[in-house]
Amino acid sequence: DQSLGLIQIPFDPSLALSVQLVRFACGGFALTLATSHLLADGRAFAFLLTALAEMIRDGGLSREPLLDRSLFKPRSPPRYSALLDAEFARFTPQTMINPLLTATIRRRLYRIEAADLAALQAAASSPGGGGRRASRFVALCAHVWKLLARAVGDANPSCRMAWIVDGRKQVEPWDGALDRYIGNVVTYTTREASVAELLRAPLPEVAATVRAAIAGVMTAARFQDLADWMEERKAAFRDGGKWTEAVNLGLGSPALIISGLLPFAIDGDLGFGKPSLVMPWVRHGRLGSASVTVVPNPSGDGSWFFGATRMWPRLMEVVESDPLLKPAANLRMATPTAAASRL
């Protein structure tokens, strides 16, 4: 909030796309693009950034963005599992934490070295994980879930993890089409577990739980149900209403939501070389859950950035005592006081 937060765009929600350039006294700059999540998910926005970089450098696009709302038509009449009603909640003053609690939430940015990720993956892939090799993302999620359990301690008997996952491969109508799709093709899943069991369980066992939770919602039927469910509720947005995943509110047992923009590289080279950092910046408002986004280092060295959009002080203490997650203090950018001008 005291560095990257000073250059966030004053986003007007009535605009489909806003662009801001901030120049630093050191000669570097920050480019910020903003949109509404109603129009695009993280994967779509990454494609827009890549397309923008290509267009600036080369004067054209090798792949055109796909804007085709017919890909996710609701059924007539809409039909879906009644369980979806319990998964989502309206933003209202009665369902959100109060502003004083919001003020205690912090943002932090950490870096995970490639060698540490490889070691974590190996540790999460022993026979205890069902004989399957864990992905680096699943291994990191399992590790973070155990950190969350440490932070909760005796304060609550259980805690939750939730994952925002991209479903393009599950609903893709033809090869490669949804890689270019500008829209929302993400879903989420959540699991609650005993704090004591999480602390006691070996990492491969926790990784197996993470993998099963994600796989359970990666179906075409899930996304069709979501399209039908929203069709009956979209009028709320015209009145300024909003829906969110219930786990986002932060009510009940402590919950941490993790999203990974990892399977695809974001090309941020505007002709000046690779950027130091490319990541989403989401206003947390009055949501009370912890939230983390993981992005690849644009340098291509295999390291990841672990950006905490929302983090409670106690969880921050535990994370910063963990040798895997190192504060990303040096991004080769000037100090916040060097922000010289807004163009």
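The strands (runs of 3 or more DSSP E) falling completely within segment 227-343 that include 1 or more residues that are modelled with pLDDT of 85 or more and farther than 30 Å from ASP154 by Cβ map to 243-245, 255-260, 290-296, 304-311. Against the criterion of being touching a His at 6+ places or on another chain (Cβ under 9 Å), crowded, with 17+ Cβ neighbours inside 10 Å and either hydroxyl-bearing (Ser, Thr, Tyr) or touching a residue at least 40 places away in the same chain (Cβ under 8 Å) (or both), ILE97 does not qualify.
Considering segment 78-122, and only residues there that are aromatic (Phe, Trp, Tyr) and not in a loop (DSSP other than H, G, I, E, B), the residue that is nearest to ASP228 (Cα to Cα) turns out to be PHE88. Against the list (1) open to solvent by 50 Å² or more (accessible area, probe 1.4 Å); (2) closer than 24 Å to VAL210 by Cβ, the condition ARG63 fails is (2). Residues in segment 200-228 that are over 23 Å from GLY183 (Cβ atoms), touching a residue at least 40 places away in the same chain (Cβ under 8 Å) and open to solvent by 50 Å² or more (accessible area, probe 1.4 Å): how many? Qualifying residue count for the region: 3. Just one residue in the set GLU197, GLU231 is over 18 Å from the mean Cα position of the chain (by Cα) and crowded, with 17+ Cβ neighbours inside 10 Å; that residue is GLU231.
Scanning segment 1-58 for residues that are over 19 Å from HIS284 (Cβ atoms), part of a helix (DSSP H, G or I) and open to solvent by less than 30 Å² (accessible area, probe 1.4 Å) yields a count of 5.
The values are calculated or read from the model by the stated rules, or taken from the named source; none is laboratory data. Remember, it's a predicted structure, so these values are computed and weren't measured experimentally. Using ideal geometry, Cβ is built from the backbone for each residue, glycine included, and neighbour counts are taken over all protein chains shown. In case anyone asks, the SASA skips ligands and DNA or RNA and just uses the protein heavy atoms, side chains included. Shrake-Rupley method; radii C 1.70, N 1.55, O 1.52, S 1.80 Å.
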